[in-house]
Amino acid sequence: MTKLTKRTVEALKIEVKDYFVWDSQIAGFGVRVMPSGAKTYQAQYRKGGRTRRVSLGRHGKITAEQARKLAQEVMGSVAKGDNPAEKISQHRRAPTVAALCDRFFEQHVLQNCKPSTQGEYRRAIELFIKPTIGAFKTVDVERKDIADLHQKHRDKPYQANRTLGVLSKMFNLAEIWGLRPDGSNPCRHVPKYREMKRERFLSNVELQRLGATLAEIDADGSESPFVVAAFRLLILTGCRLGEIQTLRWDYITPKGMELPDTKTGARRIPLPKAARAVLDSLESPEGNPYIIAGKLEGSHVTDLQHPWRRIRDRAGLPGVRIHDLRHTYASNAVSGGMPIQMVGKLLGHSQIQTTMRYAHLADDPVNRAAEENAARLSEALSSGRNDRPRLRVIG
């Protein structure tokens with residue numbers, strides 16, 4: 001045994017087998033000499049009847065004095081009852097974020113989320129989370145790592161915020177599964193980016209253009225009649241795309257559309273006469289349960305985005321999304337004086353706050369009424385002024 005210093009460690013010879021040299025001043029502090037020439041500082045102790053060893057660092061990467069201080073810290077923690085070698089072993093076996101993502105998707109997303117949500121989660125995981133922090137140990141992820149990931153995608157604020165939401169849920173479950181300490185979610189206090197909500201809805205003139213375009217397409221057959229019917233139903237019912245796309249004939253009852261599963265659970269959607277007329281115009285292929293029948297037997301149309309782009313361009317409505325048809329339904333209802341709570345029920349909103357985005361449109365009929373009333377009053381005032389006798393000056 002000798003005091004380990006830079007000189008004594010560098011003087012140690014390379015042998016066929018690895019061997020240890022222990023320090024003469026600190027019990028359990030030594031250096032391991034490998035046949036490859038690598039020399040690694042070690043801290044050795046006994047715990048639970050077993051000899052445990054902790055690697056402190058490679059000679060050349062750290063100095064003998066730095067390794068000596070680390071050895072003293074290890075021995076101090078052992079004296080307090082800790083087992084640093086076991087902690088290191090546990091950390092080495094700890095799952096990575098990529099493994100956490102897989103478990104999260106299999107045990108939570110697939111069991112609790114609808115297919116459309118599953119697709120959004122998978123996209124966030126595969127495109128944004130795994131490539132950035134997938135190799136990190138789950139227990140090692142800190143708030144700055146999440147903030148860096150979020151900031152990396154600042155040019156896509158909506159996607160950045162959705163990814164942050166996925167991460168937050170995932171790390172909450174990591175605590176429940178015992179993979180992180182309670183209350184350690186690294187997403188906490190990472191601020192979301194401000195999102196500009198798109199409130200695009202069609203004016204009466206635009207609706208007329210769209211209606212004329214759909215009629216032309218119906219006549220020339222450039223799109224499937226089921227595709228044309230889908231867009232008419234979206235406008236007339238205010239439904240979500242998936243609700244119409246997967247609508248089945250057995251969901252249609254005298255009371256309306258009885259949907260067993262929507263974004264907010266099972267719900268009944270009113271089916272006005274105009275919408276029923278659209279359904280009556282369709283001839284469903286035999287044996288196909290879907291109203292918006294696809295080309296394959298027994299299937300529904302799976303892609304309405306491409307047909308919509310062709311239709312909107314033909315109608316002179318560039319940039320209008322399919323979801324804007326739902327906005328149009330809601331905006332017309334509110335502008336027509338329908339109570340905001342009733343609009344929320346028609347749209348299937350679970351929270352009134354979601355419907356409140358249209359609340360400002362309720363001012364439209366009020367403003368129109370105010371304008372009409374003021375115009376009548378102004379006319380009365382003007383006529384009164386004109387009828388007043390004029391004084392003549394005689395001089």
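Bear in mind these aren't lab numbers, they're just calculated from the coordinates by the rules spelled out. Because the structure is predicted, anything quoted here is derived from the model rather than measured. Heads up, the Cβs are rebuilt from the backbone with ideal geometry, glycines too, and the neighbour counts pull from every protein chain shown.
Miscellaneous remarks
- Candidates Phe226, Ala98, Leu282 compared by Cα position along the dipole of the chain: farthest toward the positive end lies Ala98, with charges placed on Cβ.
- Amide N proximity, region 292-316 versus Ala215 label position 7 Å along Cα-to-Cβ, cut-off under 15 Å: 315
- Rg [Å, one decimal], Dmax [Å, integer] - region 97-176, C-alpha atoms: 11.8, 33
- Distance between the C-alpha centres of region 146-212 and region 18-55: 50 Å, rounded to the whole angstrom.
- Taking amide H as placed 1.01 Å from N in the peptide plane, the amide H of His300 sits under 5 Å from that of Gly294, each at least 5 places away or on another chain.
- Degrees between helix 363-387 axis and first principal axis of the chain (Cα, 0 to 90, nearest 10): 40
- Candidates Leu149, Leu304, Leu56, ranked by Gaussian network fluctuation over the chain, Cα under 10 Å, top entry: Leu56
- The residue list His306, Thr2, Gln245 was ranked by how far each Cα lies along the charge dipole of the chain toward its positive end, using unit charges on Cβ atoms, and Thr2 comes out on top.
- By the beta-carbon count within 10 Å of each Cβ, the least crowded to most crowded order of Thr8, Thr40, fewest first, is Thr8, Thr40.
- Cβ crowding within 10 Å ranks Ile146, Ile26 as Ile26, Ile146, fewest other Cβ atoms first.
- Evaluating kT/(6 pi eta Rh) at 37 °C and 0.692 mPa s, with the Kirkwood radius of region 204-362 over Cα pairs in the Stokes-Einstein relation, gives 201 µm² s⁻¹.
- Helical content of the chain, expressed as a calculated mean residue ellipticity at 222 nm, amounts to -14500 deg cm²/dmol (DSSP H runs of 4 or more residues, -39,500 (n - 2.57) each, divided by residue number, nearest 500).
- Between Lys3 and Gln90, the FRET efficiency estimated from the beta carbon spacing at R0 = 25 angstrom works out to 0.15.
- Vicinal HN-Hα couplings computed from phi for region 31-45 (Karplus, 6.51 cos²θ - 1.76 cosθ + 1.60; Hz; Gly/Pro x): 9, 9, 9, 9, x, 6, x, 6, 10, 10, 6, 10, 10, 10, 8
- Unit charges on C-beta of K, R, D, E only; dipole of the chain, Debye: 2180
- Given charges at Cβ of Lys, Arg, Asp, Glu: the chain dipole, positive-most of Ile269, Asn373, Gly49: Gly49
- Pairs exceeding a 18 Å alpha-carbon distance, out of Lys17/Lys39; Lys39/Lys87; Lys263/Lys295; Lys47/Lys87; Lys87/Lys130: Lys39/Lys87; Lys263/Lys295; Lys87/Lys130.
- Of the trypsin sites (Lys or Arg not before Pro) in region 97-157, the ones in a loop by DSSP (not H, G, I, E or B) with at most 13 other beta carbons within 10 Å are Arg154.
- Selection of GluC sites (Glu not before Pro), region 143-219, meeting DSSP coil and at most 15 other Cβ within 10 Å: Glu195, Glu199
- P(r) weight above 33 Å for the chain, C-alpha pairs, percent: 60
- Pairs of Cα atoms nearer than 8 Å and 6+ residues apart set the relative contact order; for the chain it is 9 percent.
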